[in-house]
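Bear in mind these aren't lab numbers, they're just calculated from the coordinates by the rules spelled out. Computed from a predicted structure; not experimentally measured. No Cβ is skipped: glycine too gets one built from the backbone with ideal geometry, and neighbour counts run over all protein chains shown.
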Amino acid sequence: MFRIFVLAAIVFCVLSTGAVYAQEAGPQAQQLAAALDKTKYKKKEKRNISIEIYIDVKNEPVVRSAAEYSGFYQSDGDDYALQINVSANGAATGSGHDTINIGEGQKVSFTLKDARVDGAVLTGTKVFDNGTSEKFEAVFVNRTVSAGQNPNSISTHDTSYGLGFIQTNGTWTNRVFLEFNR
């Protein structure tokens with residue numbers, strides 16, 4: 001009987017801890033993750049041939065202990081990268097590179113200043129090698145990409161963990177996802 005009680009207490013603690021982590025993500029993390037979501041559907045018909053393409057990207061904030069966020073995050077194609085170290089109290093340091101003028105491959109290096117992780121949200125300032133700086137806000141997410149011919153005919157579901165943010169530069173906006181690489 002005592003073992004059952006202990007087991008029940010452990011299960012309750014684990015489940016309630018998971019609920020606390022989900023709540024800690026907070027509205028800021030939920031809002032940032034939702035801004036990274038995207039759905040695309042295209043259908044082209046020419047003569048007797050029809051081509052349909054459907055892609056749905058969903059992001060869900062991931063709350064972990066602060067130090068578990070430490071690591072190397074990189075975009076597909078190495079246009080963006082970030083090496084980050086997060087202490088137990090949420091203070092973070094890091095460095096990486098962004099690519100400006102994508103296509104020309106012009107990479108610019110930066111360091112993170114005054115960076116902090118709160119829940120699933122990373123904030124700070126990117127200080128670039130040329131001395132310019134910009135505010136930085138990102139969210140740690142599980143990103144699920146579903147693809148197929150249309151919403152009723154999905155052929156792949158891929159989920160990966162990483163860091164997502166919105167990059168704006170004048171008139172354009174870019175959703176960036178950096179996948180966690182150990």
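Taking a ≥ b ≥ c as the square roots of the eigenvalues of the alpha carbon gyration tensor, the range 22-119 is oblate, as a/c is not under 1.5 and a/b does not beat b/c.
Between T173 and V108, the simple spin-label model (points 7 angstrom out along Cα→Cβ) gives 2.1 nm.
Between F128 and H157, the C-beta separation translates, for a Förster distance of 35 Å, into a calculated FRET efficiency of about 0.40. Close lysine pairs were tallied over the range 26-181: pairs 8 or more places apart or on different chains with Cα atoms under 24 Å apart number 10.
Quick one: in the range 66-181, what % of C-alpha pairs are over 20 Å apart? Summing the P(r) of the range 66-181 above 20 Å gives 44 percent of all pairs. Ordering K58, K126 by the number of other Cβ atoms within 10 Å of each residue's own Cβ, fewest first, gives K58, K126.
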